[in-house]
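First up is the structure itself, then whatever we jot down about it.
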Amino acid sequence: MDDRGQHREAHTVRAAAHEKMRQAVLCAFCHVIQTTGLPPLEVLGLAAAAIGAVYKDVAAAHQGSTGCPCGWDPQAEADIAVLHGALAAETASLPDLRWLKAAGKA
Ligand SMILES: [Zn+2]
């Protein structure tokens, strides 16, 4: 496979992973909304907090010589800036969410 093919494959893998994560978070969001009655922004805040908690756990698993062998070296400040950037980039153009309201009534 040439560089272009590898780039395309990496892009496809990333897009599929993005969609899988989006669906998992949406599923958890809907479940929490329906079972707690908390307002949407509060539930989204809990989702963001959960990402932070997962970051802390995964980063901790990569500390020291007994950590994960994948080679990732967590840099909290820079890593959290990346996470902030991902949130900002994803919400830069807000989609039409009327379907979500309809889905909530299903
Ligand atoms: Zn690792």
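Computed from the coordinates by the stated procedures, all read-outs in this text should not be read as laboratory data. Predicted model only: the values in this text are computed from it and were never measured. No Cβ is skipped: glycine too gets one built from the backbone with ideal geometry, and neighbour counts run over all protein chains shown.
About its Cα centre, the dipole of the stretch 1-94 is roughly 240 debye, where the only charges are +1 on Lys and Arg Cβ and -1 on Asp and Glu Cβ.
Estimated from helices alone, the mean residue ellipticity of the chain at 222 nm is -25500 deg cm²/dmol (sum of -39500 (n - 2.57) over DSSP H runs with n ≥ 4, per residue). Each of Ala10, Pro39, Met21 was scored by the projection of its Cα onto the charge dipole of the chain, and the greatest displacement toward the positive side belongs to Pro39; charges sit on the C-beta of Lys, Arg, Asp and Glu.
Shape summary of the chain, radius of gyration then Dmax from alpha carbon positions: 17.3, 51 Å.
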